[in-house]
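The values are calculated or read from the model by the stated rules, or taken from the named source; none is laboratory data. Worth saying up front: this structure is predicted, and the values here are computed from it rather than measured. Cβ: placed from backbone, ideal geometry, glycine included. Neighbour counts: every protein chain shown. Only protein heavy atoms, including side chains, enter the accessible area calculation; ligands, DNA and RNA are left aside. Shrake-Rupley method; radii C 1.70, N 1.55, O 1.52, S 1.80 Å.
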Amino acid sequence: MSNDKIIDGKAFAEALRERIGTETAALKDAHGLVPGLAVVLVGEDPASQVYVRNKGKAAAAAGITASDHRLDASTTQDELLALVDKLNNDPTVHGILVQLPVPDQIDPNAVIDAIAPAKDVDGFHVINTGRLATGQMDGPDAAMVPCTPLGCKMMLEDRLGDLSGLNAVVLGRSNIVGKPMAALLTQASCTVTIAHSRTKNLAEVCRGADILVAAVGRPQMVQGDWIKPGAAVIDVGINRIDAPTTEDPDKTRLVGDVDFDSAVEVAGAITPVPGGVGPMTIACLLANTVTAACRQNGITPPKF
Ligand code: NDP
């Protein structure tokens, strides 16, 4: 196994964050513009608290002003919508992210719908999914693209160059990963198959892929013999599994949706978990915030 097969998402994300820092410094010099990101967290979900903290730190390091809005778990939908409205109307805030999941009394779709599409840096608003689906990717009213698939596409283009004509299989059809990933790969002129829990002969379908993106949430489901020799494999999955040792019977570890050890023997390129797609998701959130800030101020955004 050679190490140059591994797509190092951590290093890629670090380099992207540095470029974002350079761009924010230039925006400040040339236009006096400091991109602002508002992160809203309702309740005390421990995983969400860690994500929000990491997002805030990464934003500050890249020259983006991050504001944290922490609301009690008992917050009503109306109270949350009132905060979103305030942020929509705040000219120093260019990107709004409401950390999901939200508590049961709040309808996540109502919240996503309430975010101004231009400030929707997660790219979940139907206006943005519609713009992505119809290929509206340039100009002041272009799509904001969901961060995880955006990061996957950047890593694929960096490794493979032009993707046109390649067979891509996207495993998973969620609104946040699978569908937007398939839309981006279609725009890149791949021949795209979307596979899901009802797909017949899944292993065989995957074996036809030059690019395989796994986003299913099933630990180590994709085996080495599902992969076409030389294919590029992007593992979006983040799953915690038991990994007991004699010293620590409660030990756990993170794995992807791909069985890395068997896959790396066959693939031409592969993202590890952790250290693959995850770090790129946060970096792309920062890139989206800069893009949003530029568009809202009539400035052509940098190409990330
Ligand atoms: P969802 O649960 O929303 O979607 C999972 C998809 O996988 C569904 O389309 C489902 O099919 C399909 N699926 C489930 N089981 C099977 C199976 N046995 N065979 C074939 N297809 C199957 O998940 P998400 O898209 O939100 O997330 C997927 C994974 O990516 C998770 O591990 C999540 O933690 C991770 N993730 C990682 C991110 C990162 O930054 N690295 C960001 C977001 C998610 P069907 O539609 O038929 O039910």
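Share of the chain's accessible area from carbon and sulfur, percent, 1.4 Å? The C+S portion of the solvent-accessible surface of the chain is 51 percent. Rg/Rh, computed from the Cα trace of segment 65-115 with Rh as the Kirkwood radius, has the value 0.93. Based on the convex hull around the alpha carbon atoms, the chain presents an average projected area of 16.7 nm².
In this structure, the pairs whose alpha-carbon distance is over 25 Å, taken from Lys200/Lys228; Lys55/Lys228; Lys55/Lys251; Lys153/Lys251; Lys179/Lys251; Lys119/Lys303, are Lys55/Lys228; Lys55/Lys251; Lys153/Lys251; Lys179/Lys251. The C-alpha atoms of the chain define a longest principal axis, and helix 178-187 lies at about 90 degrees to it. Based on the Cβ-Cβ distance of Ala47 and Gln187, what FRET efficiency does E = 1/(1 + (r/R0)^6) give at R0 = 35 Å, to the nearest 0.05? Rounded to the nearest 0.05, the efficiency is 0.65. Rolling a 1.4 Å probe over the protein chains gives Asp78 an accessible area of about 120 Å². Please report the net charge: other residues with Cβ closer than 11 Å to the Cβ of Leu71, K and R +1, D and E -1. Once positives and negatives cancel, what remains is -3. Mean separation of Cα pairs under 8 Å and 6 or more residues apart, divided by the residue count, gives the chain a relative contact order of 20 percent. Using only Cα atoms and rounding to the nearest 10 degrees, what angle (0 to 90) does helix 9-31 make with the longest principal axis of the chain? Once rounded, one gets 20 degrees. A probe of 1.4 angstrom, applied to the heavy atoms of all protein chains, finds Lys10 with accessible area near 120 square angstrom.
Net charge dipole, segment 226-288: roughly 280 debye, given to the nearest 20, about the Cα centre with Cβ charges of +1 for Lys and Arg and -1 for Asp and Glu. Along the chain, counting only GluC sites (Glu not before Pro) with a DSSP assignment other than H, G, I, E or B and at most 16 other Cβ atoms inside a 10 Å radius, the longest segment between sites is 45-246. Residue separation of Asp107 and Ala203 scaled by 0.36 nm, minus their Cα-Cα distance, works out to 30.9 nm of gained length. A simple charge model with +1 on the Cβ of Lys and Arg, -1 on the Cβ of Asp and Glu and nothing else charged puts the dipole of the chain at about 560 debye relative to its Cα centre. Find which of Gly56, Leu81, Val121 sits farthest along the positive direction of the dipole of segment 31-122, computed with +1 on the beta-carbon of Lys and Arg, -1 on that of Asp and Glu, about the Cα centre. Value: Gly56. Between Asn54 and Ala25, the contour length at 0.36 nm per residue exceeds the alpha carbon distance by 8.3 nm.
For segment 85-184, what's the relative contact order in percent, using C-alpha pairs closer than 8 Å and at least 6 residues apart? It would help to have the intermediate numbers written out before the result.
Working: 105 pairs, mean separation 21.4, N = 100.
It rounds to 21 percent for segment 85-184.
The residue list Ser67, Thr22, Gly43 was ranked by how far each Cα lies along the charge dipole of segment 1-136 toward its positive end, using unit charges on Cβ atoms, and Thr22 comes out on top.
How big is the C-alpha Rg of segment 117-242 next to the rule-of-thumb value 2.2 N^0.38 Å, as a ratio? Output field value: 1.06.
If R₀ is 45 angstrom, what is the calculated FRET efficiency for the pair Ala82 and Ala243, using the beta carbon separation as r and rounding to 0.05? So the FRET efficiency works out to roughly 0.50.
For segment 31-122, the solvent-accessible area of protein heavy atoms averages 47 Å² per residue (probe radius 1.4 Å; ligands and nucleic acids excluded). Computed over segment 197-302, the quotient of the alpha carbon radius of gyration and 2.2 N^0.38 Å is 1.37.
For Leu33, the amide hydrogen comes within under 5 Å of the amide hydrogens of Lys28, counting only partners 5 or more places away or on other chains and with H modelled in the peptide plane.
So how many Å³ per residue does the convex hull of the Cα atoms of segment 1-119 work out to?
134 Å³
Under the criterion of Cα pairs below 8 Å and six or more residues apart, the relative contact order for segment 117-244 equals 20 percent. Annotation: Cys190 carries an accessible surface of approximately 10 Å², with a 1.4 Å probe and no ligand, DNA or RNA atoms counted. Of the residues Arg17, Arg70, ranked by 1.4 Å probe accessible area with the largest first, the sequence reads Arg70, Arg17. When cysteine pairs in the chain are screened for C-beta atoms closer than 4.7 angstrom, the residues that find no partner are Cys152, Cys190, Cys206, Cys294. With 0.36 nm allotted per residue and the present C-alpha distance subtracted, the Val126-Arg70 stretch has 17.6 nm of extension available.
Projecting the Cα positions of Thr252, His196, Pro219 onto the charge dipole of segment 147-279 (unit charges on Cβ atoms of Lys, Arg, Asp and Glu, taken about the Cα centre) puts His196 furthest along the positive direction.
Solvent-accessible surface of protein heavy atoms, probed at 1.4 angstrom with all chains present, puts His196, His94 in the order His196, His94, largest first.
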